[in-house]
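The values are calculated or read from the model by the stated rules, or taken from the named source; none is laboratory data. These figures come from a predicted structure and were not determined experimentally. Here Cβ is always computed from backbone atoms with ideal geometry, including for glycine, and neighbour counts include all displayed protein chains.
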Amino acid sequence: MSTQRKTAAWPLTWIYAVLIVYASLYPFDNWRVQGIAPWAFLTAPLPRYWTGFDVLSNVLGYAPFGFLLALAVHRTQRRSSAVAQATLAAAVLSLCMESLQLFLPVRVPSNVDAALNIAGAWGGAVLARGLEWVGLIDRWSRFRDRWFVPDASDALVLLAVWPLALLFPAPVSFGLGQVLERLEAALAHGLEGSPWIEWLPLREVELQPLLPVSEMLCAAIGLLLPCLLAFGVLRQWRQRLMAALWVLVLGFGFSALSAALTYGPAHAWGWVGQEVLVGLVVATVCIVLLSFCTARVCWVMALAALVWQLALLNNASADAYFSLTLQTWEQGRFIRFHGLIQWLGWLWPYALLVYLVRHLSASGQSQNA
């Protein structure tokens, strides 16, 4: 097996690049040609108005990309200049995104934004190079060999993405993947006025919000899923319990951060109600019991729990108050983070579903061979 397959940095780099493209070109509508060269922004006058938030978001938006790409290059091509390659790739990506923004009415290309993007990627790449220079990257490699099985890269990517997916507000705490209602609305809007609208199936019964017991189950399963995923790639029982503790801490921490960004710091813990607390207790009991099971049993239980949760979530509607919450994210400052977070929350459960089915099928075939 090659070194590149063993590092999670490459898939994380590609995921982050796709998210940058989405965030840079959102909302993807009303494209038009203005008769201006796509590179004209490079020689345009500097913008008169800018804020610290704009500077920080442009720098920090590309810093993880530079860090991940430099780390991936270092892990797979040790003789290459990781910082130079990461900075060059970020420059190409940023300039392409700024050029394409010229064709979108709600986005304005800027040479300052491009420069800040490149600077952020360079800073991230330098940080990765510094961590490698002081030996922290090698320490992580040794830590990973002690804790995780060799074929754990995909699982580590999913585990790394899960806390970020919680940043986008969800109708139910830890209930990721509730997309059916919005998907139906998007299809109806897209097919409106066309003969294909008659092909769209209509529900016989209108969706209703989840009952409290269902919210509790979804919260419990949402906390349990990343733990069971980790149990399948960890080596020892003690490591499983420590990983589960970290999952719970990160889950509550990032959910609190999401609430603070949406409603204000004073309401950071307002989402922790009775359903969430009972769900935490149920998840904790299940974590302790399943920590003694084999990796295959953990993943089978994860698959069953995931299907159950998606069925509960997608057969329920979000309340009107939650729709107003989404408008807070989809307008104003949050538009810069809309694509970076929303799709993670929507797609993470389905990526986990594909991972579990693929690995359970592969392990089943190897046992039958």
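Quick notes on this one:
- Meets criteria (farther than 23 Å from residue 311 by Cβ and at pLDDT below 90) for residue 237: no
- Residues that are at pLDDT 75 or above and either surrounded by fewer than 17 Cβ atoms within 10 Å (Cβ to Cβ) or in a loop (DSSP other than H, G, I, E, B) (or both), drawn from region 44-66: 55, 56, 60
- Selected residue (only one of 168, 174 is crowded, with 22+ Cβ neighbours inside 10 Å, at pLDDT below 90 and under 16 Å from the mean Cα position of the chain (by Cα)): 168
- Taking region 269-369 and the helices (runs of 4 or more DSSP H) fully enclosed by it, the elements with 1 or more residues that are modelled with pLDDT of 85 or more are at 274-290, 295-314, 335-368.
- Whenever a residue of region 23-49 is more than 13 Å from residue 99 (Cβ to Cβ), its partners that are β-branched (Val, Ile, Thr) and surrounded by 15 or more Cβ atoms within 10 Å (Cβ to Cβ), lying with C-beta atoms within less than 8 angstrom and at least six residues away or across chains, give the pairs 26/335; 46/112; 47/112.
- Condition met for residue 92 (assigned to a helix (DSSP H, G or I) and exposed (fewer than 12 other Cβ atoms within 10 Å of the Cβ)): yes
Residue by residue, here is whether (1) at pLDDT below 90; (2) outside the structural domain of residue 84 (by TED's automatic domain parsing); (3) out of contact with any Phe, Trp or Tyr (no Cβ under 7 Å at 6 or more places or on another chain) holds:
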| site | (1), (2), (3) |
| --- | --- |
| 116 | no, no, yes |
| 132 | yes, no, yes |
| 139 | yes, no, yes |
| 143 | yes, no, yes |
| 178 | yes, yes, yes |
| 212 | no, yes, yes |
| 217 | no, yes, yes |
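- For the condition farther than 21 Å from residue 136 by Cα, assigned to a loop (DSSP other than H, G, I, E, B), hydrophobic (A, V, I, L, M, F, W, C) and in contact with a Leu (Cβ under 8 Å, 6 or more places away or on another chain), residue 104 qualifies.
- Candidates in region 99-148 are the residues that are touching a Ser or Thr at 6+ places or on another chain (Cβ under 7 Å) and over 30 Å from residue 234 (Cα atoms); of these, the one that is surrounded by the fewest Cβ atoms within 10 Å (Cβ to Cβ) is 101.
- Which numbered condition residue 221 misses (of (1) surrounded by fewer than 23 Cβ atoms within 10 Å (Cβ to Cβ); (2) at pLDDT 95 or above): (1)
- Residues in region 67-89 that are polar (S, T, N, Q) and outside any helix (DSSP H, G or I): 3 in all.
- Hits in region 248-258 (condition: touching a residue at least 24 places away in the same chain (Cβ under 8 Å) and over 18 Å from residue 224 (Cβ atoms)): 257, 258
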